[in-house]
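> Attaching a single structure in structure tokens format; questions to follow.
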Amino acid sequence: MATEGHPNPLTLDLRAALVIGLAAALTHAACEGIGLSGSSLAYGSLIAVLVVRPDFSRWPTVIYPVLLILVGLCLAIGVSLGLALSNVPQVFVFGLVAALMQLITLLLPSKLRLLSGVVACAGVLPLLGTPSWESWRDELLAIGLGLAIGTLVQIVFTPDQLRKPEAAHESAGATSEAHPAEPALAERLASGLQSPFFWRKLVFASLALAIGEGLGALTPKYLYFGVVLLLNDSIGATLARVRDRMAGVSFGVLMPLLVFNTLGISDISIGLVMAGTTLLVAALNRRNYLRTALISSGVAFVGYGPLVAWYIPNRWIDYLMGCALALLVGLLFFPQSALRRFNQLSAPATGQPVRAQLEALLPAAQEEARWLGLPQPQLPPTA
């Protein structure tokens, strides 16, 4: 039901699907129109749909130039090392780039920490094909087009009820929010390098491709993406990511299977796939899976063309292997239970700092309890 000043949720879902589908189709057409091809087409369309926010809120303006610069730098590292070490086995080059990406994430300030996954993925993308500076230029251009077109389409189709409140919220936030002081770069580096969780992720991200090839995975890159995107400090947080990713991947292959195998790949079919995936996730009330589902739908045309019989089962199997590796690493190397930590802090301790920690731990602790079949932990009542 719509509330005063806000559109009906169903109307908002339909509008979001329209915007996402239109952004994907227009970006694909624009990239083809300037002569781009191959993976550039997919990267552009994928970025266009990911930059759209289904609630029609706006990203901070600074995120656009920072994202382009950061992605360009990480892609350039992958291209440079891929070309310089072209005679070296790929697993070694892949591992070296993966380690460098983890080191770069330590340099990110807290405001940009949400881009850690982007950094981890961008650096290795050139190594999934044949690295070249022409591809680097085309992919960066396509990503820039995707950012611009996705943002512009969202602005055009933002409901009138959400425009003024959004602007007022942004201006109020800019003047009234107090952010804690950002640690100095040297302090962030020292803290990261002293963390066993950082070294755990760096080591296994570097080894993931080799492990995947050793296990006979047809697409061993999914083991790498499993480690860098799913492995978190606590077991509960990793379990939550595994659940969300597997559900999103499953939702994301349904529309490509139906549309691409029926209509082939074109501007219209790509728009239909992305819009259809958005509507499917909304209809099932699983909106928190939308981003993963859109990525899954987008990957279907990155290099595979129309889906073939082996693609879906093998992608699922290899992604499951990546999930299993992330869970195994989390359990065997420096395991940290969010549920145990939550219960320790919930005991007799009181005070605002402890409660803030409890609130941060609660989602991971609840996920861990869900998997273990234990009662759901709850925040203690406030005084």
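The values are calculated or read from the model by the stated rules, or taken from the named source; none is laboratory data. Nothing here was measured: the structure is a model prediction, and the numbers come from that model. Cβ sites come from the backbone with ideal geometry, for glycine too, and all protein chains shown count toward neighbours. Surface accessibility is based on the protein's heavy atoms, side chains included, excluding ligands, DNA and RNA. Shrake-Rupley method; radii C 1.70, N 1.55, O 1.52, S 1.80 Å.
> Please give, to one decimal in nm, the separation of the simple spin-label points placed at residue 163 and residue 137, each 7 Å out from Cα toward the Cβ.
For residue 163 paired with residue 137, the spin-label model returns 3.9 nm.
> Shifting gears a bit: Any chance you could look up the accessible area of residue 294 with a 1.4 Å probe, heavy atoms only, rounded to 10 Å²?
10
> Now a separate question. Kindly list the residues of the range 103-139 that lie in the label zone of residue 83, defined by a backbone N under 11 Å from the point 7 Å along the Cα-to-C-beta vector.
Flagged as within label range: 131-137.
> While we're on this one: Of the residues 105, 130, 278, which exhibits the maximal mean-square fluctuation in a Gaussian network model of the chain defined by a 10 Å Cα contact cut-off?
130
> I'd like to verify something in the chain: which complete DSSP H helices, judged by Cα projection on the helix axis, reach 20 Å or more and average at least 0.5 on the Kyte-Doolittle scale? Can you show the working numbers first?
Working: long enough: 9-33 (35 Å, 1.12); 63-84 (31 Å, 2.45); 90-107 (26 Å, 2.17); 133-157 (36 Å, 0.97); 160-176 (25 Å, -1.11); 196-214 (26 Å, 0.94); 235-252 (25 Å, 0.39); 267-283 (24 Å, 1.74); 311-332 (31 Å, 1.21); 352-372 (29 Å, -0.27).
Helices meeting the criterion: 9-33, 63-84, 90-107, 133-157, 196-214, 267-283, 311-332.
> A further question follows. Taking 7 Å along the Cα-to-C-beta vector as the label spot, tell me the residue 8-residue 114 distance in nanometres, rounded to one decimal.
3.0
> Additional query: Looking at the chain as a GNM with Cα springs under 10 Å, which of 87, 232, 288 has the largest mean-square fluctuation?
87
> Among rounded, prolate and oblate, which fits the chain when a ≥ b ≥ c are the square roots of the eigenvalues of its C-alpha gyration tensor, a/c under 1.5 means rounded, and a/b larger than b/c means prolate?
Details: a/c = 1.42, a/b = 1.10, b/c = 1.29.
In terms of gyration-tensor shape, rounded.
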